[in-house]
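First, the structure itself, so that you have it in front of you.
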Amino acid sequence: MKIDAPHPAVEFHDLTVSYDKKPVLWNIDMTLPKGALIGIVGPNGAGKSTLIKAAMGLLPLGSGYVRIFDQPLDEVRQRVSYVPQRETVDWDFPTSVLDVVLMGRYGKLGLFRRPRKADKALAMECLRKVGMEAFVKRQISQLSGGQQQRVFLARALAQEADLYFMDEPFAGVDAATETAILGVLKELTAAGKTVIVVHNDLQSAAEFFDWIILLNMRLVAVGPISQVFTSDLLQEAYGGKLTVLAEISELIKKRSVPSREKY
Amino acid sequence: MEQLKTFFSFADPNIVSVVVGAVLLTASSAVVGTFTFLKKKALVGDAVAHAVLPGICLAFMLAGNKNPLVLIIGAFVTGWLSLVVMDFITERSKIKEDTAIALVLSVSFGIGILLLTNIQHSGNAAQTGLESFLFGKAAALVGQDLVVFSIVAIILIVLVAFFFKELKLIAFDENFAKAIGLPVKGINLLLTSLTVLAVVTGIQAVGVVLMAAMLITPAAAARFWTNDVLIMTLLAAFLGAFAGLSGAFISYTAPSMPTGPWIVMIISIIALISFFFAPKRGIIFRSYEQARLQQTILQENVLKELYRLGEIDDDMFRARSTEELVARRHFPKGRLKTTLRRLCQQGYLSQDDGLWQLTNEGQQKGKRTVKLHRLWELYLSKYMRIEPDHVHEDAETIEHVITPEIEAELERIMDFPDRDPHDSKIPY
């Protein structure tokens, strides 16, 4: 099942990605609509995080390309925001909540320029949107998991982007944070922005998203939730692990075969 | 004492230059080292420091003199080479990073010593003093050397100041930095070059062997005192400079002493003091906090037991003996006495004739702990499906941890229940 979006926000064209020489995504080919809240769903090791990292240019592509707003990523970087997984950074780093949110402004500021008053005001506004304005001066080491996630979201908002990639923003957060984050995401999409979220919980996925990408090393299905969230397709994504695909990946890694032939 | 006076009167222009040199060198390596530390690359710095030695020796052999610029270039080349080799080994072979670092460090230092011994036996008169690169000699830093090394040190500090915002972001969240389009590769390359340069200049004062300490220790010490990267960097620079200054003084008063070990010893003492005495992060503060927590738990337990005795007799404010308390549960004897006395001082208990009686406030506090205990027991058995006879132990700990917010949340989701799983009344 593959539903195409006219005038897509993101286009993946025949994308193959390897992680540590092992192919984890095969021939992903799809288009994603503007202004939608899109969930990437699939079992562990399906390549969900890999997909958005590849889209953000953080991983080398084995083949294919990604176009955002019909342009290469480098042309539109200022319009794209990325929220990494919370655990990927050291929260004992000596810095404050405000400082982290201000990092969202660095892309627009460019080298050498320091954040100005307007940037700080915007950062404050973003913190307010995620309900963290009382924590501006707090050291990030003193935040709870949910608060850390909200700070990351505020940093992304500070980028004032049109497209957001988020890696498991709902993982391990409290109920209040979940509601707060979902509220912000809905607001973004209502304003015409596109939000693409890696998500691990099937039950809430059904409630949260407009569009669903079902992934398991390959694209199982993509489209509006009503058409994609069927028991057959879910069964295919979660149950039908293609063991041959996994074995081939292992072989490629062991023998260092390039994923596309080169002479 | 007399020497201290002469030294710090700065009457001798030689002293001034030695001091300026030592302070600049140590401060600049501390500034660069702050980011090496934050990026958790301390060992890499050590390897680079050792790999610099063969470069210095080779440069000397080729040039035949100790021109500081030539030596810097030689050191820079092998320092960089060591980084490339470490990366190559980690990426292209099955050898892991720590092994690669150890390999590069020992092999290049071995080659360096080999070359140095060779030079020393070659009979070249210009070589005297080359061995001070091993353990450093701040007092030898005069004339042309001083000018060159000071300029490099200043360049280091200025570059870090220029790229401060980017260095901070990359140290915290490299993927995000890449995602917003910062030239991460370029800035990492810059930081690496700065590290190599810091090592190259720093070894004048501290020597190859101990250079890593000068790079990392000031930052590690500063980390204990602050939670802000900028303050941490400035503090590291200050601590490094202080150690450098002391080293210069020792080098001046006792020229036969190697400066490096002294500087490193002083900065290590500062680091140790920070480790123990810093507020919040220091060990002493943390054990004090731990002891205070223990004390609070003991106090809450005493009030709780008095409250429960009151429940049994239906008389909250009856005066009770220590024996009655100990019969309810085990309390460490000596600490029970001091705890009871302290509770009296704080107004939770009153004492009369060796008997203890709850005050109104004490009764409230005891009631809250009992309530939290029973709420948690109920929560465990109801929501986590734990058998009622297994919930008590857990609740014993958790009752002291629950915050007012969680308390309200528990009351809300269970709708102010009456009875715990053991059918005891939950008091509100």
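The values are calculated or read from the model by the stated rules, or taken from the named source; none is laboratory data. None of the values given here were measured: they were computed from a predicted structure. Virtual Cβ from ideal backbone geometry, glycine too; neighbours counted across all protein chains shown.
Table: residues versus (1) of a type in the set (Ser, Thr, Tyr); (2) farther than 13 Å from residue B:44 by Cβ; (3) surrounded by 15 or more Cβ atoms within 10 Å (Cβ to Cβ).
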{"residue": "B:81", "(1), (2), (3)": "no, yes, yes"}
{"residue": "B:85", "(1), (2), (3)": "no, no, yes"}
{"residue": "B:90", "(1), (2), (3)": "yes, no, yes"}
{"residue": "B:105", "(1), (2), (3)": "no, no, yes"}
{"residue": "B:110", "(1), (2), (3)": "no, yes, no"}
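Select from region B:303-333 the residues that are hydrophobic (A, V, I, L, M, F, W, C), assigned to a helix (DSSP H, G or I), in contact with a helix residue (DSSP H, G or I) (Cβ under 9 Å, 6 or more places away or on another chain) and over 11 Å from residue B:356 (Cβ atoms) and list them in ascending order.
Of everything in region B:303-333, just one residue is hydrophobic (A, V, I, L, M, F, W, C), assigned to a helix (DSSP H, G or I), in contact with a helix residue (DSSP H, G or I) (Cβ under 9 Å, 6 or more places away or on another chain) and over 11 Å from residue B:356 (Cβ atoms), namely B:326.
Kindly indicate whether any position in region A:45-59 is closer than 18 Å to residue A:6 by Cα and touching a strand residue (DSSP E or B) at 6+ places or on another chain (Cβ under 6 Å).
Applying the first criterion (closer than 18 Å to residue A:6 by Cα) to region A:45-59 yields none.
Within region A:45-59, not a single residue is closer than 18 Å to residue A:6 by Cα and touching a strand residue (DSSP E or B) at 6+ places or on another chain (Cβ under 6 Å).
Which of the residues spanning region B:232-241 are within 13 Å of residue B:157 (Cα to Cα) and either facing chain A (nearest Cβ under 10 Å) or β-branched (Val, Ile, Thr) (or both)?
B:233
Given the structure, is residue B:48 modelled with pLDDT of 85 or more and touching a helix residue (DSSP H, G or I) at 6+ places or on another chain (Cβ under 8 Å)?
yes
Looking for whichever is in a loop (DSSP other than H, G, I, E, B), away from every other protein chain (no Cβ under 12 Å) and within 24 Å of residue B:137 (Cβ to Cβ) here; the options are B:255, B:261. Which one fits?
Among B:255, B:261, only B:255 is in a loop (DSSP other than H, G, I, E, B), away from every other protein chain (no Cβ under 12 Å) and within 24 Å of residue B:137 (Cβ to Cβ).
A follow-up question, please. Among the candidates B:426, B:402, which residue alone is surrounded by 15 or more Cβ atoms within 10 Å (Cβ to Cβ) and over 45 Å from the mean Cα position of the chain (by Cα)?
Result of the check over B:426, B:402: B:426.
Among the numbered criteria (1) out of contact with any strand residue (DSSP E or B) (no Cβ under 7 Å at 6 or more places or on another chain); (2) of a type in the set (A, V, I, L, M, F, W, C); (3) not in a helix (DSSP H, G or I), which one does residue B:336 miss?
Residue B:336 satisfies all of (1) out of contact with any strand residue (DSSP E or B) (no Cβ under 7 Å at 6 or more places or on another chain); (2) of a type in the set (A, V, I, L, M, F, W, C); (3) not in a helix (DSSP H, G or I) except (3).
Would you confirm, using the coordinates I've provided, whether residue B:100 is touching a residue at least 24 places away in the same chain (Cβ under 8 Å) and either in a helix (DSSP H, G or I) or out of contact with any Pro (no Cβ under 9 Å at 6 or more places or on another chain) (or both)?
Values: touching a residue at least 24 places away in the same chain (Cβ under 8 Å): no; either in a helix (DSSP H, G or I) or out of contact with any Pro (no Cβ under 9 Å at 6 or more places or on another chain) (or both): yes.
No: the conditions fail for residue B:100.
Shifting gears a bit: Given the conditions (1) over 30 Å from residue B:31 (Cβ atoms); (2) part of a helix (DSSP H, G or I), and given that residue B:276 satisfies all but one, which numbered condition is not satisfied?
(1)
Now a separate question. Kindly establish whether residue B:74 is touching a helix residue (DSSP H, G or I) at 6+ places or on another chain (Cβ under 8 Å), more than 14 Å from chain A (Cβ to nearest Cβ) and more than 26 Å from residue B:187 (Cα to Cα).
When the stated conditions are applied, residue B:74 does not pass them.
Quick one: is residue A:97 more than 12 Å from chain B (Cβ to nearest Cβ) and over 30 Å from residue A:236 (Cβ atoms)? Even if it seems obvious, please write down each step before you answer.
Details: more than 12 Å from chain B (Cβ to nearest Cβ): no; over 30 Å from residue A:236 (Cβ atoms): yes.
For residue A:97, the condition - more than 12 Å from chain B (Cβ to nearest Cβ) and over 30 Å from residue A:236 (Cβ atoms) - is not met.
Filter region A:100-114 for residues that are in contact (Cβ under 8 Å) with a residue 40 or more places away in the chain, within 10 Å of chain B (Cβ to nearest Cβ) and of a type in the set (A, V, I, L, M, F, W, C); which is surrounded by the most Cβ atoms within 10 Å (Cβ to Cβ)?
Selected residue: A:100.
In addition: Of all residues in region B:29-43, how many are assigned to a helix (DSSP H, G or I) and over 9 Å from residue B:215 (Cα atoms)? Full working, then the answer.
Just the residues of region B:29-43 that are assigned to a helix (DSSP H, G or I), to begin with: B:29-38, B:42-43.
So of that shortlist, the ones also over 9 Å from residue B:215 (Cα atoms) come out as B:35, B:38, B:43.
Of the residues in region B:29-43, 3 are assigned to a helix (DSSP H, G or I) and over 9 Å from residue B:215 (Cα atoms).
Checking residue B:43 against (1) over 25 Å from residue B:150 (Cβ atoms); (2) under 22 Å from the mean Cα position of the chain (by Cα); (3) hydrophobic (A, V, I, L, M, F, W, C); (4) surrounded by 19 or more Cβ atoms within 10 Å (Cβ to Cβ), which test does it fail?
For residue B:43, the failing item is (4).
Considering only region B:339-364, how many residues are more than 38 Å from the chain's Cα centre (by Cα) and either assigned to a helix (DSSP H, G or I) or of a type in the set (A, V, I, L, M, F, W, C) (or both)? Can you show your working first?
Within region B:339-364, the first condition is being more than 38 Å from the chain's Cα centre (by Cα), and the residues that meet it are B:340-341, B:344-345, B:347-364.
Checking the rest, the ones that are also either assigned to a helix (DSSP H, G or I) or of a type in the set (A, V, I, L, M, F, W, C) (or both) come to B:340-341, B:344-345, B:349, B:355-356, B:358, B:360-364.
Residues flagged as more than 38 Å from the chain's Cα centre (by Cα) and either assigned to a helix (DSSP H, G or I) or of a type in the set (A, V, I, L, M, F, W, C) (or both) within region B:339-364 amount to 13.
Now, a different point. Among residues belonging to region A:115-140 that are within 12 Å of chain B (Cβ to nearest Cβ) and more than 20 Å from residue A:161 (Cα to Cα), point out the one that is surrounded by the most Cβ atoms within 10 Å (Cβ to Cβ).
A:140
Residue by residue, here is whether (1) among the basic types (Lys, Arg); (2) farther than 30 Å from residue A:218 by Cβ holds:
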| position | (1), (2) |
| --- | --- |
| A:68 | no, no |
| A:73 | no, no |
| A:76 | no, no |
| A:85 | no, no |
| A:91 | no, yes |
| A:98 | no, yes |
| A:105 | yes, yes |
| A:110 | no, yes |
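Return the only residue of B:198, B:205, B:179 being over 29 Å from residue B:88 (Cα atoms), buried (at least 16 other Cβ atoms within 10 Å of the Cβ), out of contact with any His (no Cβ under 7 Å at 6 or more places or on another chain) and not hydroxyl-bearing (Ser, Thr, Tyr). Before you say what the answer is, go through the steps one by one.
Numbers: B:198 fails: over 29 Å from residue B:88 (Cα atoms); B:179 fails: over 29 Å from residue B:88 (Cα atoms).
Going through B:198, B:205, B:179 in turn, the sole match is B:205.
Condition first: in contact with a helix residue (DSSP H, G or I) (Cβ under 6 Å, 6 or more places away or on another chain) and either among the aromatic types (Phe, Trp, Tyr) or within 12 Å of chain B (Cβ to nearest Cβ) (or both). Now tell me which residues in region A:54-67 satisfy that.
Result: A:56, A:57, A:58, A:59.
Here's something else I'd like to know. For region B:381-428, name all the residues that are closer than 20 Å to residue B:300 by Cβ, among the aliphatic types (A, V, I, L, M) and without any contact (Cβ under 8 Å) to a residue 24 or more places away in the chain.
Answer for region B:381-428, where residues must be closer than 20 Å to residue B:300 by Cβ, among the aliphatic types (A, V, I, L, M) and without any contact (Cβ under 8 Å) to a residue 24 or more places away in the chain: B:395, B:401, B:406, B:408.
I want to confirm something. Restricting to region A:71-94 and keeping residues that are surrounded by fewer than 19 Cβ atoms within 10 Å (Cβ to Cβ) and among the aromatic types (Phe, Trp, Tyr), which single residue is nearest to the other protein chains (Cβ to nearest Cβ)?
The selected residue is A:93.
Right, another one. Restricting the search to region B:74-97, which residues are in a loop (DSSP other than H, G, I, E, B) and of a type in the set (Val, Ile, Thr)?
Listed by number, the list holds a single entry, B:95.
Still on this structure, I have one more. Pick from A:3, A:38: which is of a type in the set (Val, Ile, Thr) and modelled with pLDDT of 90 or more?
A:38
Pull up region B:246-259, narrow it to residues that are at pLDDT 80 or above and surrounded by 22 or more Cβ atoms within 10 Å (Cβ to Cβ), then point me to the one that is nearest to residue B:7 (Cα to Cα).
Out of the qualifying residues, it is B:249.
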